[in-house]
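Report on the structure given below.
Only the coordinates and a few stated rules stand behind these numbers; no lab work does. Here the structure is a predicted model, which is why all the values come from computation and not from measurement. No Cβ is skipped: glycine too gets one built from the backbone with ideal geometry, and neighbour counts run over all protein chains shown.
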Amino acid sequence: MSAFDPTEHTHRRWNPLTESWVLCSPHRTKRPWQGAQESAEVPQLPEYDLKCYLCPGNERATGGKTDKYESTYVFENDFAALKPEEAKAGEDVTNPHPLIKLQPARGKCFVICFNPAHNLTIAQLTTPPYSASSHIVPIIKVWQDVYGRIPRENPFVSYVQIFENKGASMGCSNPHPHGQVWSLDYVPEEPAKALRSQYRYSQEQTHVQAGEPKSKTGRPSLLLSYAHWEMQQPDSPRLVASNEDWIAVVPYWAVWPFEVLVLPRNTHLNHILDFSPAQVQSFAAIMGEVTLRYDNLFECSFPYSMGLHQRPIPPRASDLTAAQKQEESEWDEAQFHVHFYPPLLRSKTVRKFLVGFEMLGEPQRDLTPEQAAKRLRDVDASQHYTAQLLKK
C-alpha cells in the first residue's frame, strides 16, 4: 500500500460553511477530453451599442428609457423574479398535505450597470488607463447603498442578495457589464446554511487556536479562523491574492475548478456597511485583481457567477419579536465574504459540468485547489491580456 498523497490519491474535503463533502480526484486531470467545448470566438464589443438596453439613453424592452448615466447606475428590473405585492394564500393552498408545502414569496429586484461602457468588465477596470479606486469603488458604493436602502424602504425585506453572472455560459442575457440585486422576504437556502454554520461555530470555544481573531461579539468566527489558518500555512498554497485587509483563496473545499473565496484577512465585518474607507479601497483592489487573473489565465473574458454573502440586512430597530431577536443574535456572527464560481476547467473552451454523480451523489473535482491557486497566482496581473494583444 502506497503512502497517501493528496495530489495523486482520491479523497474528500469538508466544507464547513455548507456542512457538506466534496470528492477530489486529482488523477483524473490526465484523462482525454472529447466532450462539449465552449466557443473560443468572442466578438469585439463596441464602447456603445445602440441595440443594448443597458447602454446610456437607450430604450428598454418595456418601452422605458435607461438614463444617460456616467458612472455606476441602478434601476428596478423590468423582468423581476419577485414582486413586492403581498399575496395571501389560504391554508388549503399552502399546506394541502403534510408533505406538500407552499410559501408565498415577495421582493424587489434591481439591475446595476457597472459602467457606461458596453465593453469594460471589472477585470478591465483595474489596470491603466483605469484604476480600481476610480472605477471599481463606485460599484462597491452602490452595493453599500442598495444593501442599506432597500430594507429601509421595504421593511418586509429579510435578505439582500447582490450578485453578477458574467458570460453567456453562466446565463448572462446581455454582455454589458452589470450585476443584480434580489431582495427577498426570507433568507435563501445557500446563505441560510452558511449563517447557521457560522453561528454554531461561534458557540463553541474548544476549537479556537491561539492567535485567532474573533468576531465583534468576542466569539469565535468560522471565516476569521479559516483565514487565519490559511495565512499560517507554509507557502500559503491556496492563496491567489492578498492585501492589508483581504485575502482571496481557492478554498480548501472548492467545487468549481478555479473557485475563489474573498474574505477579510483579520477583521470581523458583519456586512458591507461595516467597511472603513480604506477597506472599500482595498476591497476594490482585490476584486479587480481576482477578475484580472481570471481573464489572463486563459486570455478570455472569464465567465463566472459571483455573489456577496453577509448579514441578511442591517441591524433592525427595537420592538422586535422573540423570533426576530434570536435572528439578530445569530446574524451578528455573520462574516462578509464573496464567492466566485467559474465553470472553465482546462482552457477557454472546456468547462466543468455538474452532472451524474455530482447531481446524485456529491460534488467532485479533478484539479486540486492547490493546483488551481498556483495557476492563478502565476498569472501576470500587471495588465489585462487585451493590452498585449493590441500591441501585436
Rounded to whole angstrom, the alpha-carbon centroid of segment 120-168 lies from that of segment 292-340 at a distance of 12
Simple label model, 7 Å out from Cα along Cβ direction - ASN95 to VAL208, nm
4.0
Helix-derived [θ] at 222 nm for the chain: sum -39500 (n - 2.57) over DSSP H runs of at least 4, divide by residue count, nearest 500?
-7500 deg cm²/dmol
Per the charge dipole of segment 47-88 (beta-carbon charges, Lys/Arg positive, Asp/Glu negative, Cα centre), the residue among PRO56, VAL74, PRO84 reaching farthest to the positive end is PRO84
Among all cysteines in the chain, which have no other cysteine Cβ under 4.7 Å from their own Cβ?
CYS24, CYS109, CYS113, CYS172, CYS300
Can you pull the one-decimal nm distance between simple spin-label points at GLU86 and LYS68, each 7 Å off the Cα toward Cβ?
4.2
Taking 25 °C and 0.890 mPa s as the conditions, I'd like the Stokes-Einstein D for segment 198-353 in µm²/s, using the Kirkwood hydrodynamic radius from alpha carbon pairs.
145
Entries in LYS166/LYS374; LYS51/LYS193; LYS101/LYS216; LYS216/LYS374; LYS108/LYS141; LYS214/LYS348 that, when Cα-Cα distance is taken, lie over 29 Å
LYS51/LYS193; LYS101/LYS216; LYS216/LYS374; LYS214/LYS348
For ASN154 and ASP319 in the same chain, what is the full-extension length gain: residue separation times 0.36 nm, less their Cα-Cα distance, in nm?
57.7 nm
Using a 10 angstrom cutoff on alpha carbons, build the Gaussian network for the chain and name the most mobile of ARG316, ARG265, ARG365.
ARG316
Calculated SAXS-style log₁₀ I(q)/I(0) at q = 0.09, 0.23 Å⁻¹ - segment 279-392, Debye, Cα scatterers
-0.41, -1.32
Any idea which of VAL111, SER131, ALA254 is furthest toward the positive side of the dipole for the chain, if Lys and Arg beta-carbons carry +1 and Asp and Glu beta-carbons -1?
ALA254
To the nearest 20 debye, what is the magnitude of the charge dipole of segment 134-251 about its Cα centre, counting +1 on the Cβ of each Lys and Arg and -1 on the Cβ of each Asp and Glu?
220
Can you tell me which of ASN95, ASN270, ASN115 moves the most in a GNM of the chain? Springs connect C-alpha atoms under 10 Å apart.
ASN95
Let me know the Kirkwood hydrodynamic radius for segment 50-160, please, with Cα pairs as the basis and the value in Å to one decimal.
16.8
Most fluctuating residue of GLN335, GLN310, GLN324 in a GNM of the chain with Cα springs under 10 Å: which is it?
GLN324
Calculated FRET value between TRP14 and LYS374, using beta carbons and R₀ = 30 Å, to 0.05:
0.85
In debye to the nearest 20, how big a dipole does the chain give about its Cα centre with +1 on each Lys and Arg Cβ and -1 on each Asp and Glu Cβ?
560
Label THR386 and GLN326 with points 7 Å out from Cα along Cα→Cβ: what is the distance between them in nm?
5.1
Can you compute the radius of gyration and Dmax for segment 150-191, using only the Cα atoms, both in Å?
12.7, 35
Of the listed values [x] 44, 27, 18; [y] 61, 31, 20; [z] 31, 30, 23, identify the label whose number matches semi-axes √(5λ) of the Cα gyration tensor in Å calculated from this model.
[z]
Quick one: divide the alpha-carbon radius of gyration of segment 123-172 by 2.2 N^0.38 Å and tell me what you get.
1.49
